[in-house]
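Beneath this line is the structure, given in structure tokens, with notes to follow.
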Amino acid sequence: MKINRRNILSMLGMTPALLAGASAEAQQAKPHAQPGKASAGHAKVEGLNPKGTPPAIQLIPMAPRLGSLDGKTVYLIDTGFPGGGLLLLEIQGWFKRNMPSVNTVFKRKAGPYAEDDPELWKEIKDKGHAAIMAIGH
Amino acid sequence: MEKLGVPTTPLVTRAFKDLAILNVAKRGMPHERITFTPHPVYGKPPEQLRAYVEGNDPVSGKPMMKEIVDALTVPLTDEEKKTGMVRVASGPAKFGPDTPANLQQYYHDNGMTDYLPIIVPTEEAVAEMLAGTSHKPDEPVGKMAAAAGAYPPWEYTVKQVAINAVMAGCRPEYFPVLLAMASSGQTSLSSSTNSFASAAIINGPIRDKLQMNYGIGALGPFAQPNATIGRAWLLISKNLANGGIPGDTYMGSLGNNLNYNNLIIAENEAASPWAPFHVQKGFKAEENVVSLFRGLGIVPGQGARFTSTDTPKYEEQFSDLFNVFTGLFGGLVVADPLIAQSLKERGYDTKEKLIDWLHKNTVQSVKDYKGRNFANGFDYPRALKGLEPYATWYKMPDDAMIPHWPRASDINIVVTGGQTNAFFQSANLSYSVSISIDKWM
């Protein structure tokens with residue numbers, strides 16, 4: 001499945017197969033069209049949809065962008081996924097070599113992967129201008 | 001962070017592309033500016049990681065650092081500023097009409113099955129299933145996420161659970177068990193790269209009413225309720241929670257064969273010398289209860305040390321296997337009644353006494369503990385928050401000895417099996433909740 005991000009909301013709203021079906025990585029069979037071509041001589045029946053009810057999506061506007069990172073403080077947040085911290089340190093090194101006017105702050109988020117860290121979020125809001133959050137192994 | 005007004009870019013490895021794109025959309029930010037790196041980053045030397053940073057985003061094909069800088073600086077588009085609600089559909093109420101064979105193939109092709117034959121859930125078959133409970137078809141049962149905390153939960157009614165019960169091959173009298181399980185909101189799958197497994201212990205008179213197997217081959221494919229209740233839990237987790245979509249809501253690298261119909265354990269209460277599991281959890285013996293577990297899987301006890309001694313010390317065998325388990329999940333011993341009876345004869349007259357011994361005697365060095373993969377990902381960040389015992393453990397010297405699990409309650413025992421031999425299996429599974437089945441009759 002090729003995901004078109006421009007159309008993703010309409011896809012979520014109109015195409016249940018996207019939610020129930022295959023992904024590019026999984027290489028599953030593509031969903032068939034709605035059945036309806038029964039062979040002659042076989043009794044036809046209807047099957048009920050076993051899917052649950054998804055929640056409506058509240059759209060959240062993104063934060064205004066900065067225009068430039070010059071003189072700004074960018075937080076590099078290690079969420080704890082193995083290897084993520086080391087990758088962020090390399091990004092920190094890249095900023096020092098290529099955009100020395102950018103101040104970077106490396107932080108390990110407290111709490112397991114998906115758990116919020118309100119203290120760190122407050123620190124970033126108070127002292128930072130932008131954030132890069134490493135997710136994945 | 002975006003909600004707080006801080007422009008942010010998630011930096012995600014390539015393997016999680018679909019998951020990341022779909023999940024930010026489900027959470028209301030469909031145009032979140034995600035930057036991708038090659039996968040994996042774990043275990044790569046610094047020079048390799050530097051090459052990633054100086055190379056291209058493997059999804060966009062553009063320089064990765066330019067993607068990051070642009071994500072934080074390029075002004076928002078009108079679409080990125082949008083607010084409002086978007087309704088999401090999960091398809092039509094019915095499929096067909098068509099032949100049962102064609103419909104079955106349709107369910108398979110749309111990821112709604114475990115790819116084994118199903119019973120097509122016709123209106124008539126679902127009505128029969130609904131007769132297994134006094135609850136109304138449109139009554140809400142609960143909410144379930146594909147992985148708790150990671151995805152928005154979906155909702156479902158009694159009828160939606162019934163549809164999945166039919167597909168799995170359940171009989172109507174099994175239905176209250178499924179409703180109790182579904183009401184927990186606990187998926188049997190989760191999405192972790194670890195490939196999680198799940199288990200359910202069923203206690204009370206309903207085991208005999210449903211003719212569940214807790215004798216010979218209790219964990220095997222030898223009884224319809226054991227097989228189909230577990231299978232229905234999988235279908236519920238896939239269909240009602242939108243779980244089990246590889247690359248989107250399922251990322252288990254190897255997968256787990258237990259997911260097909262889960263580990264369903266009817267306790268052999270009559271042959272056990274100890275209190276049944278549900279009584280341990282505060283229920284009355286005559287109540288019908290299902291208790292849920294999640295974790296990584298189960299291993300045979302025959303690999304433990306001391307199995308050939310004349311006077312088996314089963315507690316030491318349990319402990320031996322526990323030592324190789326991750327502390328991320330607890331330990332569940334599934335013991336044949338012969339083992340339970342032997343342990344009682346040796347002084348362990350309650351499960352609690354045995355659990356206490358296991359907790360005190362299954363220990364590890366702080367050095368070994370810190371070296372375990374899960375400790376860095378889960379316990380160390382808890383230690384950073386000051387949570388105990390992790391905060392203390394991380395301050396202790398490397399040669400200090402600490403328990404394998406923080407609490408004795410991380411260890412559980414259940415008795416089942418046909419007493420053909422004194423064997424056990426040991427599972428790396430954590431207890432989560434016990435639910436009354438009677439409330440769903």
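Read-outs throughout are calculated quantities, based only on the coordinates presented, and are distinct from any laboratory measurement. The model shown is predicted, which means the values in this text are computed figures rather than measured ones. Every residue, glycine as well, gets a Cβ built from its backbone with ideal geometry; the counts of neighbours run over all protein chains shown.
Quick look at the numbers
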item	result
Selection of chymotrypsin sites (Phe, Trp or Tyr not before Pro), the stretch B:185-246, meeting DSSP coil and at most 13 other Cβ within 10 Å	B:222
Extreme residue, positive dipole direction of the stretch A:73-134, given options A:95, A:133, A:114 (C-beta unit charges)	A:95
Relative contact order for chain B, counting Cα pairs under 8 Å that sit 6 or more residues apart, in percent	16 percent
Three-way shape label, the stretch B:11-81, alpha-carbon gyration tensor, a/c 1.5	oblate
Principal axes of chain B: Cα extent on each, largest first, Å	74, 67, 34
Binned Cα-Cα distances of the stretch B:157-202, short to long, each 5 Å bin given as a whole percent	5, 18, 28, 23, 16, 8, 2, 0
Along each principal axis, Cα extent of the protein assembly as shown, largest first, Å	74, 74, 34
Ordering of B:84-92, A:104-112 by burial proxy (mean other Cβ atoms within 10 Å per residue, highest first)	A:104-112, B:84-92
Separation between Cα centres of the stretch B:75-108 and the stretch A:61-137, rounded to whole Å	36 Å
Shape of the stretch B:251-365, Cα gyration tensor, a/c cut at 1.5	oblate
Alpha-carbon centroid distance for the pair the stretch B:167-237 / the stretch B:263-286, whole angstrom	16 Å
Charge dipole (debye, nearest 20) of chain B; +1 at Cβ of Lys and Arg, -1 at Cβ of Asp and Glu	720 debye
Size of electric dipole in the stretch A:73-134: Cβ of Lys, Arg +1 and of Asp, Glu -1, about Cα centre, debye, nearest 20	280 debye
Peptide A:76-85, shielding by other chains (average Cβ, 10 Å cutoff)	5
Dipole in debye (nearest 20) - the stretch B:132-269, about Cα centre, beta carbon charges: Lys, Arg +1; Asp, Glu -1	160 debye
Loop sites in the stretch B:268-328: GluC sites (Glu not before Pro), DSSP, at most 13 other Cβ within 10 Å	B:286
Selection from B:186, B:366, B:404 lying farthest towards where the dipole of chain B points positive, charges on Cβ	B:366
Eligible aspartates and glutamates near residue B:351 by straight Cα distance, threshold 19 Å, same-chain separation 8 or greater	B:267, B:269, B:315, B:316, B:320, B:336, B:410
Given B:44/B:143; A:109/B:353; A:51/B:439; B:66/B:370; B:17/B:159; A:109/B:26, the pairs whose alpha carbons are separated by over 31 Å	B:44/B:143; A:109/B:353; B:66/B:370; B:17/B:159
Ranked by how many other beta carbons lie within 10 Å on average, peptides B:109-122, B:126-139 from highest	B:109-122, B:126-139
Nonlocal amide H pairs with residue B:265, under 5 Å, H built at 1.01 Å	B:200, B:201, B:202
Rounded to 5, the percent of DSSP beta bridges in the protein assembly as shown classed as antiparallel	55 percent
Per-residue average of Cβ from other chains inside 10 Å of B:149-158	3
Cα gyration tensor, the stretch A:73-134 - rounded (a/c under 1.5), prolate or oblate	oblate
For B:230-243, mean number of other protein chain Cβ atoms within 10 Å	2
Estimated translational D of the stretch B:1-139 in µm²/s (Stokes, Kirkwood radius over Cα pairs; 25 °C; 0.890 mPa s)	125 µm²/s
